[in-house]
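In what follows, a structure is listed as structure tokens, so that the remarks can point back to it.
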Ligand code: ARG
Ligand code: ASP
């Protein structure tokens, strides 16, 4: 009996975190190493993060403040996504040098293109400062002292678990980052918006940059005298590939998750906020698509706007479906009740759940009003610029722009809660007779540029009400349904949860700090009886290829290589066909910001670049469902194949460490 209990205790102690959920702090990764090794990882916690010797963290960068990148050579060569490098690529593209359409490959270092306003950050170290802050040290003093430690150092203090713990992050920031190469959009953005958030996927979503530094290897503003940065560490690239079941680790900068929010907040997202925002965007997308279909110049003009509206629009739809399917609201409610029952006997936590619920009841309306305003009135231009007016197709935009005004006004009128409406708006509607008539009145002045006063008045009203809402919520950090009071209550709630739910593996919500997620290459059951395999190949690209559809019109050189089966060292056998691997699915817990993250194998070698999730996985920002949540990566062998065979830039491979 004793032995049985002992065995049981050991089994429980070794219990892994629920499947592959979690985004873990690198400096605390030793608490996960046992689980990681059980799942196939071959290295140590020190290999992932160390301040005393070079470790993997030295090869991971925060790219452009919102994406991740990885260093792959001793000379500062960097990989990230095409969609992360997009602004840089676009800024160098002209009619004569259309790098977006045709791609770009620097033949020499001198041809690498500098980018104003693009920087990367490498983590020097992170350290918990909860006790120092509690002892009365000033955050500002801690940050300034850290920044004084080195050239180009940037530091910040970030809250974990709603402020239960505070960590200092010290980065070295490099401001001279140059574009080295990019595939044409027909590879880097293959499938466009149609395939965005979709599996099976065939996008070669990568671009290549290089970090430059002073001769002393320190951060420096752009100078022709700068030299390639010599990193402490760069990733070895594996050319052996990966297969279903293989261990994968993602090292990057996930932006924002809300894993611990109450059922009330989930219900708000899935039943009120997302559905409203989806519906509003559906209408905007319809208006823009109609313009795009009617006029080739407008198709191009509206492409970027369409893409950015559609990205979150699709993501929210997946989130709603995922939350409904998983019954997240119900299971969270049940969890809260069980916690509250335990907490009833603890003075510290007894009231926290009812108080959280009361605070949600207080803030949902103002928060919703703010979201509705951002999705409607705030999307409209207050001016058209001279550059816009000079476009030959400017006049042809008029019906679409007017329709967008009328639509936004109607949506705002119908959806914004009464107590938080903008006075100027209601007055305008009353004076003109309807939201549409008021929209026309205001639009006419903005469009002609002759009478922008009514639009400015409305803008003042928007600003005033938004500020009123921020004051009511007590915080300007309104990215998530949040208030100052909520934040305080959550600090207690999470502390209570950790005391009560001792078997749960807690990880702090993503907040654009460096994290490790691990899992494995894995397909999933997409629908009843419909299994999605985790690997795609060049054959799938050829099957989608269609010169008549912009998003699926691949370069002729790719067709030619396929026809000749001329894959060189990048060819693989899948069954009885010779092909090239393209993308793969894995179970890593990721979110926005993880784009461009290195996907590493059990030995810490680079096997892919993360760039997306399947749309129904996007619920993982709130609850990770292991049966359905999958991240999407481009296979590093496809990246190498494109650089080498399509880009003719095989010399870049020479500076990498291939294994
Ligand atoms: N869905 C991905 C992310 O959230 C990729 C977006 C860029 N690609 C696109 N076709 N819009 O960032
Ligand atoms: N595509 C996202 C990004 O750009 C990643 C994701 O949401 O999975 O960071």
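Scan region 527-558 for residues that are over 17 Å from residue 189 (Cα atoms) and free of Cβ contacts under 8 Å to residues at least 60 places away in the same chain and the total you get is 6. Counted as qualifying within region 256-368 are the helices (runs of 4 or more DSSP H) with 3 or more residues that are more than 16 Å from ligand 2 (Cβ to nearest atom) and over 30 Å from residue 499 (Cα atoms), namely 274-294, 296-301, 303-326. Here residue 288 does not qualify as more than 30 Å from residue 59 (Cβ to Cβ), within 16 Å of ligand 1 (Cβ to nearest atom) and surrounded by fewer than 21 Cβ atoms within 10 Å (Cβ to Cβ).
Tell me, which helices (runs of 4 or more DSSP H) wholly within region 44-152 include 2 or more residues that are touching a strand residue (DSSP E or B) at 6+ places or on another chain (Cβ under 6 Å), under 28 Å from residue 554 (Cα atoms) and within 16 Å of ligand 2 (Cβ to nearest atom)?
Working: elements: 45-48, 82-92, 99-102, 130-134, 139-147.
Correct list: 82-92.
Please identify the pairs in which a residue from region 341-356 that is under 20 Å from residue 482 (Cβ atoms) has its Cβ atom under 7 Å from the Cβ atom of a residue that is assigned to a loop (DSSP other than H, G, I, E, B), counting only partners at least 6 apart or on another chain. Cβ pairs passing all conditions: 356/262.
Residue-by-condition table, conditions (1) surrounded by 17 or more Cβ atoms within 10 Å (Cβ to Cβ); (2) in contact (Cβ under 8 Å) with a residue 24 or more places away in the chain; (3) under 28 Å from residue 379 (Cβ atoms):
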| position | (1), (2), (3) |
| --- | --- |
| 463 | no, no, yes |
| 466 | yes, yes, yes |
| 476 | no, no, yes |
| 480 | no, yes, yes |
| 492 | yes, yes, no |
| 501 | no, yes, no |
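Taken together, the residues in region 526-538 that are at pLDDT 95 or above and either touching a strand residue (DSSP E or B) at 6+ places or on another chain (Cβ under 6 Å) or part of a strand (DSSP E or B) (or both) amount to 8. When 192, 181, 255 are checked against the criterion of being surrounded by 23 or more Cβ atoms within 10 Å (Cβ to Cβ) and either within 16 Å of ligand 1 (Cβ to nearest atom) or under 30 Å from residue 306 (Cβ atoms) (or both), 181 stands alone in meeting it. Going through region 175-197 one residue at a time, which ones are farther than 22 Å from residue 637 by Cβ and more than 16 Å from ligand 2 (Cβ to nearest atom)? The answer is 175, 176, 177, 178, 179.
The residue that is surrounded by the fewest Cβ atoms within 10 Å (Cβ to Cβ), counting only those in region 603-626 that are within 20 Å of residue 260 (Cα to Cα) and more than 12 Å from ligand 1 (Cβ to nearest atom), is 626.
Every condition in (1) touching a strand residue (DSSP E or B) at 6+ places or on another chain (Cβ under 9 Å); (2) modelled with pLDDT of 95 or more; (3) within 16 Å of ligand 2 (Cβ to nearest atom); (4) over 28 Å from residue 43 (Cβ atoms) is met by residue 649 except one, and the failing one is (3).
Return yes when residue 30 is touching a helix residue (DSSP H, G or I) at 6+ places or on another chain (Cβ under 8 Å), away from ligand 2 (no atom under 16 Å from the Cβ) and over 25 Å from residue 228 (Cβ atoms) and no when it is not.
Numbers: touching a helix residue (DSSP H, G or I) at 6+ places or on another chain (Cβ under 8 Å): yes; away from ligand 2 (no atom under 16 Å from the Cβ): yes; over 25 Å from residue 228 (Cβ atoms): yes.
It is true that residue 30 is touching a helix residue (DSSP H, G or I) at 6+ places or on another chain (Cβ under 8 Å), away from ligand 2 (no atom under 16 Å from the Cβ) and over 25 Å from residue 228 (Cβ atoms).
Restricting to region 198-218, and then to whatever is within 16 Å of residue 77 (Cα to Cα) and under 26 Å from the mean Cα position of the chain (by Cα), can you tell me which residue is farthest from ligand 2 (Cβ to nearest atom)? Residue satisfying both the conditions and the ranking: 212.
Table: residues versus (1) within 26 Å of the chain's Cα centre (by Cα); (2) at pLDDT 95 or above.
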position	(1), (2)
143	no, yes
146	no, yes
156	yes, yes
160	yes, yes
163	yes, no
167	yes, yes
171	yes, yes
177	yes, yes
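For residue 541, the conditions (1) assigned to a strand (DSSP E or B); (2) over 30 Å from residue 23 (Cα atoms); (3) within 16 Å of ligand 1 (Cβ to nearest atom) all hold with the exception of (1).
Quick grid of which residues meet (1) touching a helix residue (DSSP H, G or I) at 6+ places or on another chain (Cβ under 6 Å); (2) at pLDDT 95 or above; (3) surrounded by 19 or more Cβ atoms within 10 Å (Cβ to Cβ):
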{"residue": "421", "(1), (2), (3)": "no, yes, no"}
{"residue": "425", "(1), (2), (3)": "no, yes, yes"}
{"residue": "440", "(1), (2), (3)": "no, yes, no"}
{"residue": "489", "(1), (2), (3)": "yes, yes, yes"}
{"residue": "509", "(1), (2), (3)": "no, yes, yes"}
{"residue": "517", "(1), (2), (3)": "no, yes, yes"}
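Of the residues in region 566-580, not one is touching a helix residue (DSSP H, G or I) at 6+ places or on another chain (Cβ under 6 Å) and within 16 Å of ligand 2 (Cβ to nearest atom). Going residue by residue through region 319-336, is there one that turns out to be surrounded by 15 or more Cβ atoms within 10 Å (Cβ to Cβ) and within 28 Å of residue 185 (Cβ to Cβ)? Checked region 319-336: at least one residue is surrounded by 15 or more Cβ atoms within 10 Å (Cβ to Cβ) and within 28 Å of residue 185 (Cβ to Cβ).
Looking at residue 437, is it outside any loop (DSSP other than H, G, I, E, B) and under 27 Å from residue 255 (Cβ atoms)? No, not satisfied.
Please list, ordered by first then second residue, the pairs with beta carbon atoms under 8 Å, 6 or more apart or interchain, first in region 71-89 and farther than 15 Å from residue 183 by Cβ, second within 16 Å of ligand 2 (Cβ to nearest atom) and in a helix (DSSP H, G or I). Every condition considered, no pair remains. Taking the numbered list (1) touching a residue at least 12 places away in the same chain (Cβ under 8 Å); (2) in a loop (DSSP other than H, G, I, E, B) in turn, residue 519 passes all entries but (2).
The values are calculated or read from the model by the stated rules, or taken from the named source; none is laboratory data. All figures in this text were calculated on a predicted structure; none of them were measured in a lab. Using ideal geometry, Cβ is built from the backbone for each residue, glycine included, and neighbour counts are taken over all protein chains shown.
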